[in-house]
1. Roughly how many whole Å is it from the C-alpha centroid of region A:44-113 to that of region B:8-86?
2. Along the charge dipole of chain B, which of B:His10, B:Val109, B:Tyr50 sits closest to the positive end, that is, farthest toward it, with unit charges on the beta carbon of Lys, Arg, Asp and Glu (+1, +1, -1, -1)?
3. State to the nearest 20 debye the size of the charge dipole of region A:1-110 about its Cα centre, where the only charges are +1 on K and R beta carbons and -1 on D and E beta carbons.
4. Under 19 Å Cα to Cα from A:Lys15, which aspartates and glutamates show up? Leave out anything in the same chain fewer than 8 places away.
5. Where is the GNM fluctuation largest for chain B (alpha-carbon springs, 10 angstrom cutoff): B:Gly41, B:Gly62, B:Gly29?
6. Within 10 Å of each Cβ of A:55-66, how many other protein chain Cβ atoms are there on average?
7. Give the peptides B:101-107, A:90-96 in descending order of average Cβ contacts within 10 Å, highest first.
8. Step through the table entries A:Lys57/B:Lys98; A:Lys22/B:Lys49; B:Lys49/B:Lys78; A:Lys57/B:Lys69; A:Lys57/B:Lys94, compare each Cα-Cα distance with 19 Å, and write down the pairs that go over it.
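Please treat every number below as a calculation from the coordinates, not as lab data. These figures come from a predicted structure and were not determined experimentally. Cβ coordinates were reconstructed from backbone atoms using ideal geometry, including for glycine residues, and neighbour counts include every protein chain displayed.
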Amino acid sequence: AAGVIQSPRHLIKEKRETATLKCYPIPRHDTVYWYQQGPGQDPQFLISFYEKMQSDKGSIPDRFSAQQFSDYHSELNMSSLELGDSALYFCASSLELSYNEQFFGPGTRLTVL
Amino acid sequence: AQSVSQHNHHVILSEAASLELGCNYSYGGTVNLFWYVQYPGQHLQLLLKYFSGDPLVKGIKGFEAEFIKSKFSFNLRKPSVQWSDTAEYFCAVKVPRKLIFGQGTELSVKP
């Protein structure tokens with residue numbers, strides 16, 4: 001069965017650079033979620049989209065922005081990167097907003113030097 | 001406020017020992033609860049989930065969890081752990097439009 005695809009799997013950037021992470025949900029899933037997991041931390045919700053519109057916002061810095069496109073894939077754009085942005089970024093997808101299981105992608109490991 | 005609390009940060013067991021990981025949640029709405037496992041360097045994988053019905057939920061790899069509404073708990077259990085169960089375990093509650101995770105419990109199983 002198709003799973004959530006994230007690219008790239010690994011990314012190394014320097015401070016103050018920008019990064020774009022991509023997420024391709026499971027086919028027919030209409031909701032995408034982004035989570036950030038710092039070293040030794042639990043995943044923290046960043047932002048979610050339903051039907052291409054932002055549906056909820058968590059602890060996402062103003063330097064980050066995201067969107068969901070017409071094919072339901074989503075991109076997380078990160079600017080002015082800081083050392084503290086080094087983390088594993090998970091994308092998850094689900095069908096419909098409420099009470100459905102979220103399926104997680106393999107994550108993008110971002111290292112900021 | 002919505003939150004999930006996992007009691008143990010690090011658990012060390014020998015193979016064949018029994019496992020119970022505690023999870024308590026705080027959420028006033030309809031509860032959907034999950035346990036995820038994260039093997040070293042891997043992504044989150046769903047172990048089991050509770051949406052409604054039988055409060056004793058069986059998942060993959062011999063894991064089970066019991067939803068006790070009166071205690072706001074959803075503890076994870078396994079009768080006999082294996083070395084391959086070494087991983088981090090996250091409890092999560094589904095609130096509208098997102099998951100809230102607990103802090104995670106790192107399980108180390110000694111061969």
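1. What the calculation gives is 25 Å, centre to centre.
2. It is B:Tyr50.
3. Dipole size: approximately 320 debye.
4. Here the aspartates and glutamates satisfying the reach criterion relative to A:Lys15 are A:Asp62, A:Glu82, A:Asp85.
5. B:Gly41
6. 1
7. Packing order, densest peptide first, comes out as A:90-96, B:101-107.
8. Working: A:Lys57/B:Lys98 9 Å; A:Lys22/B:Lys49 27 Å; B:Lys49/B:Lys78 15 Å; A:Lys57/B:Lys69 28 Å; A:Lys57/B:Lys94 15 Å.
Violating the 19 Å limit, Cα to Cα: A:Lys22/B:Lys49; A:Lys57/B:Lys69.
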